[in-house]
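Values quoted throughout were computed directly from the atomic coordinates according to the rules given, and no laboratory measurement underlies them. Not measured: the values here are computed from a predicted model. We place every Cβ from the backbone using ideal geometry, glycine too, and count neighbours over all the protein chains shown.
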Amino acid sequence: MRIIQANDYEHMSELAANYLIDKVQTNPAIVLGLATGGTPLGTYKRLIKDYEQNGTSYKKVTTYNLDEYVGFSPENPNSYHTFMYDNLFEKVDIPTTNVHLPSGTALDLVEECKGYEERIEEAGGIDVQLLGMGSNGHIGFNEPGTSFQATTQIVELAQSTREANARFFDDIKEVPYQAITMGIATIMKSKEILLLVSGESKNDAMKKLMEGEVDESFPASVLNKHSHVTIIADKEALSGVSVR
Ligand code: PGA
């Protein structure tokens, strides 16, 4: 795993955006795996700014998001559909037909998981997967204990995840208990992974990740087994971590 050290959140976001912009310019028909949450927001802001100022085009780009809350329709203001359209898709020239998120309201969720996996395969797989990491080490919504063999699946959210995400809701009672997420095996099939880590709250997780021990009790540890991972992390996240 290659680690790029950033000074702070803004610097991390700038480095991540530059990394992705370079990928899109080099391969305009790239397949990107995208993430939601606080971590990638600054990166998306910079992709939009670059699109407006330099015209980097997303017309041929295809995207697959990691996850969605079960029971939330695309119109729900707290759905990840809404998050992605508000914070990126509506602001660049990507055709909506190229945008994919799992459906949290499919009548048959098991079939939806299977179909999502197949659609990624049909697109030729994900070229670059952007990831954040939960303070408990989750990637996507794959909480500690998730099998590394799992493909797209329905998962129960950890209480710590519901608490962390409650900041986006009026009340924690509104935070769903389940999500549909790409599995660890789906994520690991990406040709390349870009993991962003920011802030003191992720410091313990960052330390654990860098210990190098691979175990299902800490989902992100699986990334130690992927051959092409770049981590961009800021000083707070890296505090006390010896970067080799
Ligand atoms: P965050 O979430 O970016 O909002 O910290 C990361 C994650 O839970 O994967």
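From the largest down, the range 129-244 spans 43, 31, 21 angstrom on the principal axes of its Cα atoms. Computed about the Cα centre, the dipole magnitude for the range 170-239 is approximately 360 debye when only Lys and Arg (+1) and Asp and Glu (-1) carry charge, each at its Cβ. The loop-placed chymotrypsin sites (Phe, Trp or Tyr not before Pro) in the range 137-244, going by DSSP, that have at most 16 neighbouring Cβ atoms within 10 Å of their Cβ come out as F169, Y177.
The average projected area of the range 134-192, computed from the convex hull of its Cα atoms over all directions, is 4.2 nm².
Evaluating kT/(6 pi eta Rh) at 37 °C and 0.692 mPa s, with the Kirkwood radius of the range 1-138 over Cα pairs in the Stokes-Einstein relation, gives 208 µm² s⁻¹. Each peptide among 128-137, 29-38, 107-116 gets the average number of other Cβ atoms lying within 10 Å of its residues, and from highest to lowest they stand as 128-137, 29-38, 107-116. The alpha-carbon positions of the range 83-137 define a convex hull whose volume is 143 Å³ per residue. Taking amide H as placed 1.01 Å from N in the peptide plane, the amide H of L157 sits under 5 Å from that of Q178, A179, each at least 5 places away or on another chain. Computed over the chain with a Gaussian network model linking Cα atoms closer than 10 Å, the most mobile of D67, D234, D170 is D170. Our coupling estimate for the range 134-145, obtained by passing each phi through the Karplus curve with A = 6.51, B = -1.76, C = 1.60 and θ = phi - 60°, is x, 5, 8, x, 5, 10, x, 10, 7, 7, x, x Hz, Gly and Pro reported as x.
Counting only DSSP beta bridges with both residues in the range 1-146, the antiparallel share comes to about 10 percent.
The 3J(HN,Hα) values that the Karplus relation (6.51, -1.76, 1.60; θ = phi - 60°) gives for the range 152-169 are, in residue order, 3, 8, 8, 10, 8, 7, 5, 4, 5, 6, 4, 5, 5, 8, 4, 4, 8, 10 Hz. Gly and Pro appear as x.
What the Cα convex hull of the chain gives, in volume per residue, is 116 Å³. Note on the range 186-244 and the range 41-96: Cα centroid distance 24 Å, given to the nearest whole angstrom. Net charge dipole, the chain: roughly 720 debye, given to the nearest 20, about the Cα centre with Cβ charges of +1 for Lys and Arg and -1 for Asp and Glu. Placing +1 on the Cβ of every Lys and Arg and -1 on the Cβ of every Asp and Glu, with no other charges, gives the range 129-183 a dipole of roughly 120 debye about its Cα centre. Here E122 and D170 are evaluated by their C-beta separation; at R0 = 35 Å the FRET efficiency comes out at 0.35.
How big is the antiparallel share of DSSP beta bridges in the chain, given as a percent to the nearest 5? If we restrict to bridges inside the chain, about 25 percent are antiparallel. Remark: the range 52-68, residue by residue, has Karplus-estimated 3J(HN,Hα) of 5, 8, 10, x, 4, 9, 10, 4, 9, 6, 10, 10, 10, 7, 5, 7, 7 Hz, where x stands for each Gly or Pro and the curve is 6.51 cos²θ - 1.76 cosθ + 1.60 at θ = phi - 60°.
Out of the GluC sites (Glu not before Pro) in the range 1-98, which ones are loop residues according to DSSP with at most 10 other C-beta atoms within 10 Å?
Numbers: sites: E10, E14, E52, E68, E75, E90; in loops: E75.
When the GluC sites (Glu not before Pro) of the range 1-98 are filtered for loop state and at most 10 Cβ neighbours within 10 Å, E75 remain.
Compactness of the range 1-77 is given as radius of gyration and Dmax, 14.0, 38 Å, from Cα positions.
Computed over the range 37-108, the alpha-carbon pair-distance distribution with 10 angstrom bins reads 20, 50, 25, 5, 0, each value a whole percent.
Take the cross-link list K114/K189; K49/K235; K189/K235; K23/K45; K23/K189 and give me the ones stretching past 27 Å between alpha-carbons. Intermediate values should be presented prior to the final figure.
On the way: K114/K189 15 Å; K49/K235 25 Å; K189/K235 29 Å; K23/K45 17 Å; K23/K189 18 Å.
Where the Cα-Cα span goes over 27 Å, the pairs concerned are K189/K235.
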